[in-house]
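Let me begin by presenting the structure, written as structure tokens, before commenting on it.
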Amino acid sequence: MEAIDDAIDKNSPLAGVKPQVLNVPAYTLHAYEADIKLNQNENPFDFPGDLKDEVFRRFREYPWSRYPDFVPDSLRQALSKFTGWPKDGILVGNGSNELLQSVLMTLVSDGTPVAIPVPTFTVYRLIATVLGARVIDIPLGADMAYDIDAIIEKARGGSKEGRAGIVVINNPNNPTGSAIDEAGLRRVLDEYDGFVLLDEAYYEFGGYTGFELLKEFPRLIITRTFSKAMGMASLRLGYMMAHPRLAEQVSKAKLPYNVNQFSLVAAETALEHIERFQPAIATLKAEKEKLGKALGEVPGVRAYPSRANFFLVEVPREPHAVFEALYAKGILVRDVSHYPTLGKCLRISVGTPRENERLLQALREAVR
Ligand SMILES: Cc1ncc(COP(=O)(O)O)c(C=O)c1O
């Protein structure tokens, strides 16, 4: 409110800031330190050490004084080989966040309705709002499942905002772990004729990928990341797949030289040794099954089914008190109780076997 009052005062530094920016809450994360970090859905297994050495060795050859390639073609080529999607339909970004932003910048004008399920990854709403979109909320259905009928109905114009220009779907969904299946996604694409942005940040952990539908629906756009399963969150690398003609337009909304040379080299090295990442992913998937079952056995606790590497967990005490009790034991989880409909919930990433065991012990004590 203070910011808005300020904006009216011509001498304020906020005078002239767009009202939607003043009004939208910032995406923030308090920088807690903890021994066991289960708050950002990261991979607890680091990038393999010998591959790090290989990346350093390769990167050393590059003159640091020069810009990276204008278009990072060799990584796009490697991604094309890895995914089976044509190179011209692939863009790489400084994290998939950058590509989400570029897609929305390309498709959203002032006043464009953008349909977004609730609750989901908050960055979609933040970017759309800053761009002046009118956000159409689509609540998840029972047990946090995607409500396909509601998505179609609202996207087609069944809300006061009118027909959506784009629908954003996160599969599997952060923070709920819920997933859409082929039938659901196909129905959305068949029955709604606008763009669908499918964020597959967690697809490696066992969800359905909409990849095959890219071939049929040139209005579908998929983003993915190296931050989660690939253990490269610090290097900020994501990619997007779409019809090449659409990708060409989205590339106009990206900054030149958006990905630094080190991250490009690391991503190429990772793709050349993709099999080295499988054991950690397999361990995380197995740990997820064990953790989901064990969480469900903690009295008063409910873990929602998840296709990702984290769980939405309902706790029988005030969530922030449980968060603090876990933190006192050196375990950091995410308090998502301020998200719409998640008043009783925390979000907990799957860690190493030892971390998960310590979490379970601490949680049993915290909710006793
Ligand atoms: C659903 C979802 N999409 C995108 C991102 C951002 O990923 P990146 O690190 O590639 O920007 C995250 C990160 O937490 C996420 O949860």
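The values are calculated or read from the model by the stated rules, or taken from the named source; none is laboratory data. These numbers come from a predicted model, not from an experiment. With ideal geometry, Cβ positions are generated from the backbone for all residues, glycine too; neighbour counts draw on all protein chains shown.
Worth pointing out:
- For the criterion of being more than 16 Å from the ligand (Cβ to nearest atom) and touching a helix residue (DSSP H, G or I) at 6+ places or on another chain (Cβ under 9 Å), Glu161 passes.
- In the set Ser159, Ser102, only one residue is farther than 25 Å from Val350 by Cα, in the same structural domain as Ala267 (by TED's automatic domain parsing) and at pLDDT below 95; that residue is Ser159.
- Qualifying residue in the stretch 125-145 (condition: within 21 Å of the chain's Cα centre (by Cα), within 16 Å of the ligand (Cβ to nearest atom), within 18 Å of Glu200 (Cβ to Cβ) and not hydrophobic (A, V, I, L, M, F, W, C)): no
- Single unsatisfied condition, Ala26 versus (1) loosely packed, with under 10 Cβ neighbours inside 10 Å; (2) more than 30 Å from Asp335 (Cβ to Cβ): (2)
- Restricting attention to the stretch 321-361, the residues being modelled with pLDDT under 95 and surrounded by 17 or more Cβ atoms within 10 Å (Cβ to Cβ) number 1.
- Residue that is nearest to the ligand (Cβ to nearest atom) [pool: residues in the stretch 79-97 that are of a type in the set (A, V, I, L, M) and part of a strand (DSSP E or B)]: Val92
- Residues of the stretch 320-345 satisfying the condition of being within 18 Å of Thr28 (Cβ to Cβ), in contact with a Leu (Cβ under 8 Å, 6 or more places away or on another chain) and of a type outside the set (Lys, Arg): Phe323, Leu332, Val333, Asp335, Val336, Ser337, Leu342
- For the residues Leu235, Leu295, Leu255, the requirement of being of a type outside the set (Val, Ile, Thr), at pLDDT 95 or above and assigned by TED's automatic domain parsing to the domain that holds Asp199 singles out Leu235.
- Boolean, Val130 is hydrophobic (A, V, I, L, M, F, W, C), at pLDDT 95 or above and surrounded by fewer than 19 Cβ atoms within 10 Å (Cβ to Cβ): yes
- Residues that are out of contact with any helix residue (DSSP H, G or I) (no Cβ under 6 Å at 6 or more places or on another chain), within 14 Å of the ligand (Cβ to nearest atom) and over 14 Å from Gly95 (Cα atoms), drawn from the stretch 207-240: Gly207
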